[in-house]
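Engineer: So that we are looking at the same thing, I have put the structure below in structure tokens.
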Amino acid sequence: MKRDWLLLLDLDGTLWDHLDVSSLKPPFTRISRDAIVDSGGVEVRLYRYMVALALWARRSGAVISSFSWNIPFKALEALRAFGAAHIFHYHVIEPHPWKGRMLAKLLRVLRVERRLYLTPGRIVYFDDREIHLDDIRENVGEVNYIKSHVDCVGLEECIRLVQSLLRMDAAG
């Protein structure tokens, strides 16, 4: 079984509980292992099991990318404040909703930088909303979409779902 695959993690509502980090006011301050606040005191909580999922995926042969409709510097600053920026190989964070175009561009980068040619079936996309799926289908094809915190909750359940979608054995 080919182990190369791509894990795309949305940020707002997927990696963390806030639905629009672009609306917040950096700098961010870490107040606990799983929480940061912006300069106005707005708290953002990290879903720790999503970080663990990304780390498992790296060990399982995946390329990991953030995949977010946000103001890049704010989202990246939040990731750094959480100490989570390092879990990603790539950051695809752009201030527009056209995630299909964003994914097509990332796939071109992967072909050049890693000589990695992925079919849509080797892509797993976690997001809390389905609104980007039509654009992704139009630009890339039918990827494996998982609705965050609905289709699976917790690390083990999410790992089993990803393995099932990718037809991976328990070791992979």
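Engineer: Take the Cα pairs of the range 86-172, get the Kirkwood Rh, then feed it into Stokes-Einstein at 10 °C and 1.306 mPa s and tell me D in µm²/s.
Structural biologist: 112 µm²/s
Engineer: Taking a probe of 1.4 Å, how large is the accessible area per residue of the chain, in Å²?
Structural biologist: About 47 Å² of surface per residue is accessible.
Engineer: Now for a different question. Got a sec? What order do W56, W98 fall in by accessible area at 1.4 Å, biggest, i.e. largest, first?
Structural biologist: Largest to smallest exposure gives the sequence W98, W56.
Engineer: Next question. Out of the total accessible area of the chain (probe 1.4 Å, heavy atoms of protein only), what percent is carbon and sulfur?
Structural biologist: Accessible surface attributable to carbon and sulfur in the chain totals 52 percent.
Engineer: Taking K25 as the anchor, which aspartates and glutamates have their alpha carbon closer than 14 Å to its alpha carbon, excluding any fewer than eight residues away along the same chain?
Structural biologist: D38, E43, E77
Engineer: Below 10 angstrom from the Cβ of F126, what's the summed charge of the other residues (Lys, Arg +1; Asp, Glu -1)?
Structural biologist: Once positives and negatives cancel, what remains is -3.
Engineer: How big is D for the chain, in µm² s⁻¹ as a whole number, if Stokes-Einstein is applied with the Kirkwood radius of its Cα pairs at 20 °C and 1.002 mPa s?
Structural biologist: 132 µm²/s
Engineer: I71: accessible area at probe 1.4 Å, nearest 10 Å²?
Structural biologist: We get 60 Å² for I71.
Engineer: Take V44, V140 and sort them by solvent-accessible surface of the protein heavy atoms, 1.4 Å probe, largest at the top.
Structural biologist: I get V140, V44, largest accessible area first.
Engineer: Something else now. Note the direction-averaged projected area, equal to a quarter of the hull surface, for the Cα convex hull of the range 15-84, in nm².
Structural biologist: Averaged projected area of the range 15-84's Cα convex hull equals 4.5 nm².
Engineer: How large is the accessible surface of R58 in square angstrom, using a 1.4 angstrom probe and rounding to the nearest 10?
Structural biologist: 90 Å²
Engineer: Which value, in Å² rounded to 10, gives the accessible area of I131 with a 1.4 Å probe and all protein chains present?
Structural biologist: Solvent-accessible area, nearest 10 Å²: 100 Å².
Engineer: At a 1.4 Å probe radius, which order do Y125, Y145 fall into by accessible area, largest first?
Structural biologist: Listed by decreasing accessible area, they come as Y145, Y125.
The values are calculated or read from the model by the stated rules, or taken from the named source; none is laboratory data. Since we're looking at a predicted model, the values are computed, not measured. Reconstructed Cβ throughout: ideal geometry from the backbone, glycine too, with neighbour counts over all protein chains shown. Note: accessible area is taken over every heavy atom of the protein model, side chains too, but ligands, DNA and RNA are not part of it. Shrake-Rupley method; radii C 1.70, N 1.55, O 1.52, S 1.80 Å.
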